[in-house]
Amino acid sequence: MSANAAASMCVVCKRRDAFFFRPYSGERLCKKCFVESVEAKVRGTIGKYGMFSFDDRVAVAVSGGKDSISLLHILAKTERAHPKSSLVAVTVDEGIKGYRDEALEIAAANCKTLGIEHHVVSFKELYGFTLDEIVTRAGVKGERELTACAYCGVLRRRAINVAARDVCADKVATAHTLDDEVQTSLMNIFRGDILRLAREKPVTDEVHPRLVRKVKPFCEIPERESTLYAYVRKIRFQDTPCPYASEALRNDIRAMLNRMEEKRAGTKFAVFKSMERIRPALDEVVKKDDFKECVECGEPSSSGLCRTCELLRELG
Ligand code: SF4
Ligand code: ZN
């Protein structure tokens, strides 16, 4: 065998041609071994952080994009080995014309193929407005203080929690990838938001009985690999970006991290691991919020009036 042929051979099975090079580990993998390696990594992450109990009912937050659809497929596979647990998919319809409709259809089709119950909640039914209506009410872009993503982030977090409770879930699994986690950590540092930095983690703390705990089984999967997983497995997902996607700081940090990763493979994992090591110390010095109930809606909140009600009040 020539050196070149050896270099293009999968390092795991040593039989099939490699199609993917993983720069941070130096592995060359064939499609089958790549898929298996991603699934094994997710199982490893779930085990390492103790994300699930054997009889958990897990709500998977499925937007219809590549990450959440890949996660749904992997958890569906894992769940088959645990007959006492159950999976249900929850989707939030923010009401973004020409974008969310397609995602909803794709999420529903994937759930049908996998035989997973699918539950949808909408901004309209929960808050009385679609995101499009909120954006119009809040004023044209540039004049309003908050971006569409700022509204969307707060309202969607609440909606996912409500949906998870509706379906009696013990945990809610979100498809935040390694990239998302590292970007969020750096954003919190750049903003000086140490409380958020301490709070965001692969498994959220139990802070209130009405706040379903969040787990992130993809927190050690680079976004590039979650995308590739969906392509290789020929899973259908929505790939058009949201028309409001505008988080400027996140975009800057994403571009910077991608540049760094290209020059020094493993940078994203290094930041993630640093955070893991810093977090116990942060937990000791950061005073965590005491969760009580919002005076207006009764949902868990760290202040008298929750952020959701605050935003809705501003909108009138
Ligand atoms: Fe919501 Fe912004 Fe994401 Fe669009 S890009 S779905 S507005 S958070
Ligand atoms: Zn409230």
query: Quick one: if the Förster radius is 25 Å, what FRET efficiency do F54 and L282 give, using the C-beta to C-beta distance and rounding to 0.05?
result: 0.25
query: Can you give the convex hull volume of the alpha carbon atoms of segment 120-267 per residue, in Å³?
result: 152
- request: Please give the FRET efficiency for E262 paired with V295, using the beta carbon to beta carbon distance and R0 = 51 Å, rounded to the nearest 0.05.
  value: 0.55
statement: Sorted by chain and then number, the residues having a modelled amide H within less than 5 Å of the amide H of L87, at least 5 places away or on another chain, are V58
message: What's the ranking of 67-74, 270-277, 118-125 by average number of surrounding C-beta atoms within 10 Å, highest first?
response: 67-74, 118-125, 270-277
message: To make sure I understand, if each residue's beta carbon is the centre and we count other beta carbons within 10 Å, what order do T308, T91 fall in, fewest to most?
response: T308, T91
Using alpha-carbon coordinates, inclination of helix 267-285 to the longest axis of the chain, degrees: 40
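Expressed as a rounded percentage, what relative contact order does segment 116-200 have, with Cα pairs under 8 Å and six or more residues apart?
Result for segment 116-200 is 23 percent.
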field: Neighbour-count order for D179, D239, D170, D132, fewest beta carbons within 10 angstrom listed first
entry: D239, D170, D132, D179
- prompt: So how tilted is helix 148-166 from the main axis of the chain? Cα-based, degrees 0 to 90, rounded to 10.
  reply: 90
- request: Could you give the size of the charge dipole of segment 46-314 about its Cα centre, using +1 on the Cβ of each K and R and -1 on the Cβ of each D and E, expressed in debye and rounded to the nearest 20?
  value: 640
message: Please list, by residue number, every one of the trypsin sites (Lys or Arg not before Pro) in segment 5-57 that is coil in DSSP and has at most 11 other beta-carbon atoms within 10 Å.
response: K14, R15
message: Can you return the lysines within cross-link range of K112? Criterion is Cα-Cα under 18 Å, with same-chain partners fewer than 8 residues away left out.
response: K66, K77, K234
- prompt: Rounded to two decimals, what is Rg over Rh for the chain when you use alpha-carbon atoms and the Kirkwood radius?
  reply: 0.97
statement: Taking Cα atoms, the helix 66-80 axis meets the longest principal axis of the chain at an angle in degrees (rounded to 10) of 70
message: Apply the a/c threshold of 1.5 to the C-alpha gyration tensor of segment 264-316 and tell me whether it is rounded, prolate or oblate.
response: oblate
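Only Cα pairs under 8 Å and at least 6 apart count here; give the relative contact order of segment 46-314 as a rounded whole percent.
21
No value in this document is a laboratory result; all are computed from the given coordinates. In this text the structure is predicted, and so the values were computed from the model without any measurement. Neighbour counts run over all protein chains shown; Cβ positions are idealised from the backbone, glycine included.
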